[in-house]
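My questions will all concern the structure given below.
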Amino acid sequence: MPATRFRFRRTADFTALRLGRVVLGYLALVTSIITMAPFRFQWTPAHGLTDLWTWSDLVMNVLLFVPFGFVYRFTRPRGAPPDWPRVIILGAALSGTIEALQLFSPTRYTSLQDVATNTAGAAVGAWAFARLASRLEDDSSVPSLALELPLMGLVYQLIPLCWLIGLGSDGGARRFFVLPVAAIAGAILGTVHAAYLAPERQGRSRWLVALCLGWVIVAVVPGAGGDLGLLFASATLTIGIALFRRMATARDRAASAHRRFELPTLRLVMPLFAAYLALSSLWPLDAARPEWHWIVALAPAQLELTQPLMYRLLEQVAAFTLAGYMIAEFHGRDARGLRATATRVALWAGGISLLLEVARGWYPDAGASVLLWLFTVVAALFGGWMYLLQRDHVRALVHRRRLLASLAAEPELARAA
């Protein structure tokens, strides 16, 4: 029997490792694109090291790597120590690679201070996970593992989306699109707090408020550009909706102890996400013209691929990663494999993206882009696959809980016999 316990622990740890590596790779890719756009490189170094820095750069460098350290803990077996040397080495390796590539970019600057602050951010993320997990985790109950629920996968993906919204707005009105995203995060966090934490912990509203504030700091601050009004509005909206959803979900949970909350939560946030997706893709709404045109490239030839434009294009791709995850999760209880899920996600996401690209054809500074449509479909498929990995991990944890419960009951059965 100990061998069976060991084998099942390895199964759950393997699903955690696979999920963690995929999410970690996604965050590393988005972070790398943000720090290297618009990808203008030359064969020889464009400059040397710089020691110039600002407080805003320091804060952003730390916050961009906090999710990297946080999600890294998914790659560790449950109950294992944080392994600080590896967190620091991985954070420094990713940051060092980015800074080395920036030596060859005339529009970027390389700094050893950036490596230090990025590495510190990864360490802070790993520390935050350890602290939070110690408060929320319960070895005997999967519902307590709020950090490993499929719904929480949406919260992680909303973070880089917020970065891109802020960075792509270039100080304009588009930055307020972060508010519906913050509302979605608040709705999910409030639902998770009430539906999946142990009953004795649900009354601790300060933990829900702290989670919401932590999410706003990591997700909104890097792209807010010092806009205190936007930060205050985001924090107020996230906390307010989280508290409201907590009360509503607690009431529903009291009425039916066996009710599932994934689908009601998705039905609640999907219209808000659809509105954000349409507005962000077609903004500004008054820029449409009578002439429709299509292009193969990401942008018309006469338009320069600046950093804000690159961020806006990447924002749409990241949004469809989230859309693919949501579509797969909406049908997550169906017994569907990778092929069936990929077909469903491709049809839904491809159709939605096609409609948006057709509408963008009336925008002279955009056009219906074939390449962007392909990128969004691939991103949606990746999001759907990420959900399947999350679901497999949760199933492994559920089976492990049942196994541990049966092992605990065996001595009692033996005494009864």
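Identify all residues within region 206-226 that are within 23 Å of E262 (Cβ to Cβ) and modelled with pLDDT under 85; write none if there are none.
Answer for region 206-226, where residues must be within 23 Å of E262 (Cβ to Cβ) and modelled with pLDDT under 85: just W207.
Turning to a different aspect of this structure: Pairs under 7 Å by beta carbon, first residue without any contact (Cβ under 8 Å) to a residue 60 or more places away in the chain in region 33-58, partner open to solvent by less than 80 Å² (accessible area, probe 1.4 Å) and of a type outside the set (D, E, K, R), six or more apart or different chains?
Qualifying pairs under 7 Å: P45/L103; P45/F104; L58/T117.
Identify, please: which residue in region 27-52 is β-branched (V, I, T) and more than 18 Å from the chain's Cα centre (by Cα) and is, among those, surrounded by the fewest Cβ atoms within 10 Å (Cβ to Cβ)? Break it down stepwise before answering.
Of the residues in region 27-52, the ones β-branched (V, I, T) are 30-31, 33-35, 44, 50.
Those left that are additionally more than 18 Å from the chain's Cα centre (by Cα): 44, 50.
Working: T44: 6, T50: 12.
Result: T44.
Another question, then. Given the options L268, L282, name the one that is open to solvent by less than 50 Å² (accessible area, probe 1.4 Å) and out of contact with any His (no Cβ under 7 Å at 6 or more places or on another chain).
Values: L268 fails: open to solvent by less than 50 Å² (accessible area, probe 1.4 Å).
The conditions single out L282.
Something else: Of the numbered conditions (1) surrounded by fewer than 16 Cβ atoms within 10 Å (Cβ to Cβ); (2) touching a Gly at 6+ places or on another chain (Cβ under 9 Å); (3) not in a helix (DSSP H, G or I), A299 satisfies every one except a single condition; which is it?
Condition not satisfied by A299: (1).
This table checks each residue for (1) within 30 Å of R400 (Cα to Cα); (2) small (G, A, S); (3) in contact with a Ser or Thr (Cβ under 9 Å, 6 or more places away or on another chain).
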position: T54; (1), (2), (3): no, no, no
position: L58; (1), (2), (3): no, no, yes
position: V62; (1), (2), (3): no, no, yes
position: F65; (1), (2), (3): no, no, yes
position: P81; (1), (2), (3): yes, no, no
position: S95; (1), (2), (3): no, yes, yes
position: R108; (1), (2), (3): no, no, yes
position: T117; (1), (2), (3): no, no, yes
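Residue under question is A194, and the condition is that it be modelled with pLDDT of 95 or more, surrounded by 22 or more Cβ atoms within 10 Å (Cβ to Cβ), within 17 Å of R245 (Cα to Cα) and of a type outside the set (D, E, K, R); does it hold? I'd like the intermediate steps shown before the answer.
Working: modelled with pLDDT of 95 or more: no; surrounded by 22 or more Cβ atoms within 10 Å (Cβ to Cβ): yes; within 17 Å of R245 (Cα to Cα): yes; of a type outside the set (D, E, K, R): yes.
Spelling it out, it is not the case that A194 is modelled with pLDDT of 95 or more, surrounded by 22 or more Cβ atoms within 10 Å (Cβ to Cβ), within 17 Å of R245 (Cα to Cα) and of a type outside the set (D, E, K, R).
Only one of these is within 21 Å of the chain's Cα centre (by Cα), among the hydrophobic types (A, V, I, L, M, F, W, C) and open to solvent by 20 Å² or more (accessible area, probe 1.4 Å): A340, A346, A319. Name it. Give the steps one after another, and end with the answer.
Details: A340 fails: within 21 Å of the chain's Cα centre (by Cα); A319 fails: open to solvent by 20 Å² or more (accessible area, probe 1.4 Å).
Exactly one residue qualifies, and that residue is A346.
Per-residue answers, yes or no, for (1) open to solvent by 50 Å² or more (accessible area, probe 1.4 Å); (2) in contact with a Pro (Cβ under 9 Å, 6 or more places away or on another chain); (3) over 24 Å from L49 (Cα atoms); (4) modelled with pLDDT under 85:
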| position | (1), (2), (3), (4) |
| --- | --- |
| W84 | yes, no, yes, yes |
| T97 | yes, no, no, no |
| D114 | no, no, no, no |
| A120 | no, no, no, no |
| A126 | no, yes, yes, no |
| S134 | yes, no, yes, yes |
| D139 | yes, no, yes, yes |
| V142 | no, no, yes, yes |
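Here are some conditions: (1) modelled with pLDDT under 90; (2) part of a helix (DSSP H, G or I); (3) surrounded by fewer than 20 Cβ atoms within 10 Å (Cβ to Cβ). L354 meets all but one. Which one does it not meet?
(1)
What residue, of Y311, Y276, is open to solvent by less than 50 Å² (accessible area, probe 1.4 Å), at pLDDT 90 or above, among the aromatic types (F, W, Y) and closer than 30 Å to T54 by Cα? Working first, answer last.
Working: Y276 fails: closer than 30 Å to T54 by Cα.
Only one candidate qualifies: Y311.
Could you tell me which residue of region 211-226 is farthest from the chain's Cα centre (by Cα), considering only residues that are open to solvent by 30 Å² or more (accessible area, probe 1.4 Å) and within 18 Å of I34 (Cβ to Cβ)?
G226
The values are calculated or read from the model by the stated rules, or taken from the named source; none is laboratory data. Just so it is clear, the structure is predicted and the values come from calculations on it, not from any experiment. Cβ atoms come from the backbone with ideal geometry, glycine included; neighbour counts cover every protein chain shown. In case anyone asks, the SASA skips ligands and DNA or RNA and just uses the protein heavy atoms, side chains included. Shrake-Rupley method; radii C 1.70, N 1.55, O 1.52, S 1.80 Å.
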